[in-house]
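Notes for the one structure printed next.
Nothing in this text is a laboratory measurement; each read-out follows from the coordinates by a stated rule. Not measured: the values here are computed from a predicted model. When we count neighbours, we look across all protein chains shown, and the Cβ atoms used for this are built from the backbone with ideal geometry, even at glycine.
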Amino acid sequence: MSAPVTTDSVWNEVGKRLFAVLSYVTPKSHARSAGIVYTVRDRVLYIGTGKDSWKAKHIVRNPNVALNVNIPKRIPLLPWIKIPDATISFSATARVLPIDETDPSILDPLLKGMVDDPNVREENVILEVRPVGDFVTYGIGVPMMDMRDPKKAQGRAPV
């Protein structure tokens, strides 16, 4: 029996977080990943990055990416007991947007008040990441004790 996850419950968890690992592929088909900070609007993730960053350069050439959101799990009052993080992973398509083509309400959480700095606007872009397929989860919507049993802890929900 798999974990009882729904699309809404997964989006709720993704929306509570701000850090994930973005995976992408280089032109020579080498897998790469980078930690990113994101914000969510209308079930789309937005990531700020340098215009000349490898992430932006590689995504322009190949928009197929994957994200992994980790959710730390701890037992209250017993923090020394190690419990694996819950995870949400999914495939997505990404595109690189100039700052001027991005909704201003998305920019402030990503650029932290530097949106009016001309250098910041010139040197950065926004990655728009749209999930596709299914969310694959581990430990979402299940008690911590059930995380010991992969059959109970694994879940899947349509994007």
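Things to note:
- 5 angstrom amide H check on F135, placed H, neighbours 5+ away: A157, V159
- Whole-Hz Karplus values for region 121-132 come out as 5, 6, 9, 10, 9, 10, 8, 9, 10, 10, x, 9 Hz, taken residue by residue from phi with 6.51 cos²θ - 1.76 cosθ + 1.60 and θ = phi - 60°; glycine and proline positions read x.
- For P27, net neighbour charge (Lys/Arg +1, Asp/Glu -1) across residues whose Cβ lies under 12 Å away: +4
- Between W80, W11, W54, the residue with the greatest mean-square fluctuation in the GNM of the chain (Cα pairs under 10 Å linked by springs) is W80.
- Potential extension, E101-V37 segment - 0.36 nm per residue separation minus Cα distance: 21.1 nm
- A straight chain from K151 to E123 at 0.36 nm per residue would run longer than the Cα-Cα distance by 5.5 nm.
- Rounded to the nearest 0.05, the FRET efficiency derived from the C-beta distance between S29 and R130 at R0 = 25 Å is 0.65.
- Rounded to the nearest 20 debye, dipole of the chain from Cβ charges on Lys, Arg, Asp, Glu: 780
- Burial ranking of peptide ranges 69-79, 18-28 (average Cβ count within 10 Å, highest at the top): 18-28, 69-79
- Summed side-chain charge close to V10 - residues other than V10 whose Cβ falls under 12 Å, Lys, Arg +1, Asp, Glu -1: +1
- Relative contact order of the chain, defined on C-alpha pairs under 8 angstrom at six or more residues apart (%): 30
- Evaluated over the chain, the count of Lys pairs having alpha-carbon atoms less than 30 Å apart is 21 (only pairs 8 or more residues apart or interchain).
- Between region 4-22 and region 75-132, the alpha-carbon center distance in angstrom: 13
- Other residues within the sphere of radius under 14 Å centred on the Cβ of D146, judged by their own Cβ, net out at +3 (K and R +1, D and E -1).
- Structure-derived Rg and Dmax of the Cα atoms in Å - corresponding label in [x] 14.8, 47; [y] 17.1, 54; [z] 15.5, 47: [y]
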